[in-house]
1. Taking only pairs six or more apart or across chains, which ones have beta-carbon atoms under 8 Å, a first residue in the stretch B:98-115 that is more than 15 Å from B:Val83 (Cβ to Cβ), and a second residue that is of a type in the set (S, T, N, Q)?
2. Yes or no: the stretch A:2-22 includes at least one residue that is within 9 Å of chain B (Cβ to nearest Cβ), among the aromatic types (Phe, Trp, Tyr) and out of contact with any helix residue (DSSP H, G or I) (no Cβ under 7 Å at 6 or more places or on another chain).
3. Could you give every pair whose Cβ atoms fall below 6 Å, whose first residue belongs to the stretch B:2-16 and is at the interface with another protein chain (Cβ under 7 Å from one of its Cβ atoms), and whose second residue is part of a loop (DSSP other than H, G, I, E, B) and acidic (Asp, Glu), counting only separations of at least 6 or pairs across chains?
4. Output the residue which, of all residues in the stretch A:23-37 that are more than 9 Å from every other protein chain (Cβ to nearest Cβ), in a loop (DSSP other than H, G, I, E, B) and in contact (Cβ under 8 Å) with a residue 40 or more places away in the chain, is farthest from A:Asp80 (Cα to Cα).
5. Looking only at the stretch A:122-144, which residues are surrounded by 13 or more Cβ atoms within 10 Å (Cβ to Cβ), without any contact (Cβ under 8 Å) to a residue 24 or more places away in the chain and among the aliphatic types (A, V, I, L, M)?
6. A:Ser214 is checked against (1) small (Gly, Ala, Ser); (2) within 17 Å of the chain's Cα centre (by Cα); (3) surrounded by fewer than 16 Cβ atoms within 10 Å (Cβ to Cβ) and fails just one. What number does that condition carry?
7. So, of the residues in the stretch B:74-128 that are hydrophobic (A, V, I, L, M, F, W, C) and in a loop (DSSP other than H, G, I, E, B), which turns out to be farthest from the other protein chains (Cβ to nearest Cβ)?
8. Among the residues of the stretch A:237-249, is there at least one that is more than 15 Å from the chain's Cα centre (by Cα) and surrounded by 23 or more Cβ atoms within 10 Å (Cβ to Cβ)?
Amino acid sequence: MAMRQTPLTCSGHTRPVVDLAFSGITPYGYFLISACKDGKPMLRQGDTGDWIGTFLGHKGAVWGATLNKEATKAATAAADFTAKVWDAVTGDETLTLAHKHIVKSVHFTQDSNHLLTGGNDKVLRIFDLSKPEADPQEIAGHTSAIKKALWCNNDTQILSAAEDKTVRLWDRSSMETVKTLAFDVAVSSMEYIADGEILVITYGKTIAFYDALSLDLIKTVDAPTSIHSASLHPEKDFFVAGGDDFKLYKYDYSTKEELESYKGHFGPVHCVRFSPDGELYASGSEDGTLRLWQTAVGKTYGLWKCVLPGESPHTSRFVWYIPGNFTVGVDGKQCDVCVRVFLGVT
Amino acid sequence: MKTPVSVLRLPRGPDPNSRGFDPNSARFLALCPTTVSASSAADAHGVALRDEQRARSLLRERFLRSLLAMCGRPVRFSMYEKVQVEAKFGASDIDVLNFQVSDLQTPIGVQKEALLRCPDIITYNFEI
């Protein structure tokens, strides 16, 4: 039975949403942080989009936001020339890290002890969060503003993308460039998938996939519009992308075939990310909203409810969804199965 | 004609009156032990907890009354970057993030009306 995607709209921001990030899966579920030009990044429950809190303190547009794996710390990068570290449980500001220009990107190491920042002063900085008064390590080299900086290869290397139309791979200990990728235009977004060492880069209308260790090109896919952000599904079977034409596109990663496109946003899509369990993806737009989209449309998950034909969503029956992937032996391929248990109520 | 997927409800939006991070949520209670040890789970119903709560209420009430006592009075603020200013205190916002003051004396002149960011304030003094 064909179902039409119902995106869940998360309102609250008053200006464009420019960045978003998910945490890992924690005992309390997973979380989502959104960076907004209104200067007030928000934390939401990842699977429902419910607002949890707003991090108050920045005095300018927030350009980048991230959570550590456990969702206990958050970091934000802002136009007020600071990066801030926050307690993501209480919402309190823990640290303010001064910079010399607009900060665009923040990223925690896996142990949450170090924070990588990058911004308009073209310098990458590594802050030791246990010694916040100490000067950060600085890595210079980019000749234009840094848009995104990420830890990779088990935090031993750094990937950075800048307006100088390059993506560089740096060695953390030597602080030297290991490899440089040059493009005709500045890269619009970058996503690093640790499991499988894949780098997803978008530029122009292209979504490109690289090996994150060698920076060898794996494949490229062209979209119908200028793409601002793309994200690869954790199982690497799909990827999603969004950009200038306000739509979200879903592609098959192996065949590069465009599977679906979804309308919903009222402005260009600036960022899109898959949740850590791959069940949904979130998009942030110029229209000031975040939207959550189902990977498997029609599946019961979060606030979405699977309704059988002839059944209204309000019948007095209990429907339980048992999460997880069950292997179904169809040509040896693993398929997701939605297991539903019905309790008849008379 | 495709049927749209049903939704139980819409995602909850921000509370206009607070910055969130509900201290009664399961995550907060589990991950944020209070600074006073009596509040830990081991003594959940003990006398020590009751005393602690009484002390907290007393302190909170005293703080709120101190804010009321400040209204309309000149207050001296010591802030970061070695800033010392004096102003007439007006009001605080609900999260105590901003103080509304009048006639703020600054090295570059007197500001008729101003908002002081509380995270920037180290101490403040006033005479009752």
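The values are calculated or read from the model by the stated rules, or taken from the named source; none is laboratory data. Everything numeric in this text was worked out from a predicted model, so none of it was measured. Using ideal geometry, Cβ is built from the backbone for each residue, glycine included, and neighbour counts are taken over all protein chains shown.
1. Final answer for the pair search is B:Asn98/B:Ser92; B:Gln100/B:Ser92; B:Asp103/B:Gln111; B:Lys112/B:Ser102; B:Glu113/B:Gln100; B:Glu113/B:Ser102.
2. No, the stretch A:2-22 contains no residue that is within 9 Å of chain B (Cβ to nearest Cβ), among the aromatic types (Phe, Trp, Tyr) and out of contact with any helix residue (DSSP H, G or I) (no Cβ under 7 Å at 6 or more places or on another chain).
3. Filtered contacts from the stretch B:2-16: B:Pro11/A:Asp50; B:Arg12/A:Asp50.
4. So the residue we want is A:Ile25.
5. If the condition is that a residue be surrounded by 13 or more Cβ atoms within 10 Å (Cβ to Cβ), without any contact (Cβ under 8 Å) to a residue 24 or more places away in the chain and among the aliphatic types (A, V, I, L, M), then A:Val123 is the only one that fits.
6. (2)
7. In this case the residue turns out to be B:Ile128.
8. Scanning the stretch A:237-249, I find at least one residue that is more than 15 Å from the chain's Cα centre (by Cα) and surrounded by 23 or more Cβ atoms within 10 Å (Cβ to Cβ), so the answer is yes.
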